[in-house]
Amino acid sequence: NLLIYFIVTKFRPCIDLHQGTVKQIVGTSLTRNQADLKTNFISDQSAADFAKIYAKDGLKGGHLIMLGPGNKEVALKAIQAYPKGLQVGGGISLDNATEWIEQGASHVIVTSCLFDQDGQFMLSRLKELVERIGKDKIVIDLSCKRREKDWSVMKDNWQTETDLSVSASVLEMLSSYCDEFLVHATDLEGKCSGIDVELVKFLGIHSPLAVTYAGGATSISDLDYVKSLSS
């Protein structure tokens, strides 16, 4: 048998929700102190409005991210506007993951619930999540902060460093429990200062699954740049 693999680079949309409003936020400014928050863009359109646009254009797999409280009702309306077309993240836990899938999300995006309060990775929680909804509906968010030689996975709105690094062995291990990865370069998110070239190259070489990279894009031409870097 001849197996032919089509490896492609796609654009994926994202809806970031903060206090029920669609915003584009500088990632590192999302602290517990609301006065620190910096935004590049605040829309007068609802999340459902954007979801309808993505549905019309056939853009599947977009990320609907709830940043803090006050977003659930708005997020549900967006999912209803584009059933099975959006992945939902932000506050996802073992207790509510099934509900989001039943409401129409194609996947749930998880980070913080996979770690304890001190940032220690808990494989048992991930295994339980797989048992509840299946690996094909899970996206593991490995959004990370650059260190001297590698990248450290961050949780709690990227404010807490965990004991997990973005390494070839970690990607291989986690690939048994999810459908895709999501990786923000947290130092660059929202700054439009250029992508993390080394991270994109690394993910292209070592990830056994599809990966969505985010952070630092300056223009649509970066899509071709990421395609080239990641092979």
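The values are calculated or read from the model by the stated rules, or taken from the named source; none is laboratory data. Computed from a prediction, not measured in an experiment: that's the story for all the values here. Neighbour counts are summed over all protein chains in view; Cβ atoms, including those assigned to glycine, are modelled from backbone coordinates with ideal geometry. Surface accessibility is based on the protein's heavy atoms, side chains included, excluding ligands, DNA and RNA. Shrake-Rupley method; radii C 1.70, N 1.55, O 1.52, S 1.80 Å.
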Among the listed residues D156, D116, D141, D95, which satisfies the condition of being closer than 27 Å to T21 by Cα and without any contact (Cβ under 8 Å) to a residue 12 or more places away in the chain?
D95
When you scan the range 121-131, do you find a residue that is hydroxyl-bearing (S, T, Y) and surrounded by 15 or more Cβ atoms within 10 Å (Cβ to Cβ), even just one?
no
Determine whether the range 135-157 contains at least one residue that is under 30 Å from Q103 (Cβ atoms), modelled with pLDDT of 95 or more and open to solvent by 70 Å² or more (accessible area, probe 1.4 Å).
yes
When the residues of the range 207-231 are narrowed to those that are β-branched (V, I, T) and open to solvent by less than 60 Å² (accessible area, probe 1.4 Å), which ends up farthest from the chain's Cα centre (by Cα)?
V226
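Within the group D156, D187, D163, which residue is under 26 Å from F11 (Cβ atoms) and charged (D, E, K, R)? Show your work before the answer.
Numbers: D156 fails: under 26 Å from F11 (Cβ atoms); D163 fails: under 26 Å from F11 (Cβ atoms).
Among D156, D187, D163, only D187 is under 26 Å from F11 (Cβ atoms) and charged (D, E, K, R).
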If we take the range 108-161, then strands (runs of 3 or more DSSP E) inside it with 1 or more residues that are over 14 Å from L182 (Cβ atoms) and among the acidic types (D, E) are none
Residue by residue through the range 169-199, note down the ones that are within 21 Å of D156 (Cβ to Cβ) and β-branched (V, I, T).
V170, V183, T186
All-but-one check, K72 against (1) in contact (Cβ under 8 Å) with a residue 40 or more places away in the chain; (2) closer than 21 Å to K23 by Cα; (3) charged (D, E, K, R), failing number (1)
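Scan the range 172-191 and tell me whether some residue there is surrounded by fewer than 20 Cβ atoms within 10 Å (Cβ to Cβ), assigned to a loop (DSSP other than H, G, I, E, B), on the phi < 0 side of the Ramachandran plot and among the β-branched types (V, I, T).
No, every residue in the range 172-191 fails to be surrounded by fewer than 20 Cβ atoms within 10 Å (Cβ to Cβ), assigned to a loop (DSSP other than H, G, I, E, B), on the phi < 0 side of the Ramachandran plot and among the β-branched types (V, I, T).
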Those residues of the range 68-85 which are outside any helix (DSSP H, G or I) and open to solvent by 30 Å² or more (accessible area, probe 1.4 Å) amount to G68, P69, G70, P83, K84
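Go through E102, E198 for me and flag whichever is surrounded by fewer than 15 Cβ atoms within 10 Å (Cβ to Cβ), under 24 Å from G85 (Cα atoms) and out of contact with any Leu (no Cβ under 8 Å at 6 or more places or on another chain).
E102
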